[in-house]
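Asker: Structure in structure tokens, see below.
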Amino acid sequence: MKNNPLFGAWKLKSLEARTQDGSVSYPWGKEIRGYVIFSPEGYFCVTIMNADRKRFSSQDMKGGTMEERANAADSYLSYSGPCEIEKDKFRVKVEVSLFPNWIESVQERNYKIEGRTLLVVSAPTIVNGKEQRGYLIFEHV
């Protein structure tokens, strides 16, 4: 499986969350940045952030006020781990995650590749109190 078209780095272009009734929201903002990487060795890593994240008033990485730290966590998502890839879906055995409830879970995603574009659809997930699916569009870099 060394020539899988998923392998490599993909730059995030859009992310929206949709409820079953069709409502659309942008939990990390409309302006976002991020990457997903699939390695030939079978690993996955994704990082997503609001493009307008507020900086801490201090240069101390573990510093910042409680509000600054809460905003930093609220505007960011990242998880990684070993990944199994199938024809139209992949499963990540999460080892590292900003959201601690995902650690030691399996996150399954459906995907479709069209040229240099990757569409990823998440399983239903609770975000801001509502069950939603994430729809992410990436471009191969």
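Bear in mind that the values in this text are calculations on the coordinates, not laboratory data. This one's a predicted model, so the numbers in the text were calculated from it and none came from an experiment. Don't worry about glycine lacking a Cβ; one is built from the backbone with ideal geometry, like all the others, and counts go over all protein chains shown.
Asker: Looking at (1) closer than 19 Å to Ala17 by Cβ; (2) in contact with a Cys (Cβ under 6 Å, 6 or more places away or on another chain), which is the one condition that is false for Gln132?
Answerer: (2)
Asker: Right, next: Mind checking which residues of the stretch 100-130 are in a strand (DSSP E or B), loosely packed, with under 12 Cβ neighbours inside 10 Å and not β-branched (Val, Ile, Thr)?
Answerer: Answer for the stretch 100-130, where residues must be in a strand (DSSP E or B), loosely packed, with under 12 Cβ neighbours inside 10 Å and not β-branched (Val, Ile, Thr): Lys112, Glu114.
Asker: Identify, from the list Gly81, Gly63, the residue that is loosely packed, with under 15 Cβ neighbours inside 10 Å and touching a Ser or Thr at 6+ places or on another chain (Cβ under 9 Å). Walk me through it before giving the result.
Answerer: Details: Gly81 fails: loosely packed, with under 15 Cβ neighbours inside 10 Å.
Just one listed residue meets the conditions, Gly63.
Here's the yes/no breakdown for (1) within 14 Å of the chain's Cα centre (by Cα); (2) within 21 Å of Asn50 (Cβ to Cβ); (3) among the polar types (S, T, N, Q):
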{"residue": "Asp88", "(1), (2), (3)": "no, no, no"}
{"residue": "Val96", "(1), (2), (3)": "yes, yes, no"}
{"residue": "Phe99", "(1), (2), (3)": "yes, yes, no"}
{"residue": "Gly115", "(1), (2), (3)": "no, no, no"}
{"residue": "Val127", "(1), (2), (3)": "yes, yes, no"}
{"residue": "Lys130", "(1), (2), (3)": "no, yes, no"}
{"residue": "Leu136", "(1), (2), (3)": "yes, yes, no"}
{"residue": "His140", "(1), (2), (3)": "no, no, no"}
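Asker: Failed condition for Arg55, given (1) touching a Leu at 6+ places or on another chain (Cβ under 8 Å); (2) exposed (fewer than 14 other Cβ atoms within 10 Å of the Cβ); (3) of a type in the set (Lys, Arg), with all others met?
Answerer: (1)
Asker: Just to confirm my filter: which strands (runs of 3 or more DSSP E) fall fully inside the stretch 31-99 and include at least 2 residues that are hydroxyl-bearing (Ser, Thr, Tyr) and without any contact (Cβ under 8 Å) to a residue 12 or more places away in the chain?
Answerer: Filter on the stretch 31-99 gives an empty set.
Asker: May I ask you to say which residue of Leu15, Leu6 is under 16 Å from Phe138 (Cα atoms) and in a loop (DSSP other than H, G, I, E, B)? Steps first, answer last, please.
Answerer: Numbers: Leu15 fails: in a loop (DSSP other than H, G, I, E, B).
Among Leu15, Leu6, only Leu6 is under 16 Å from Phe138 (Cα atoms) and in a loop (DSSP other than H, G, I, E, B).
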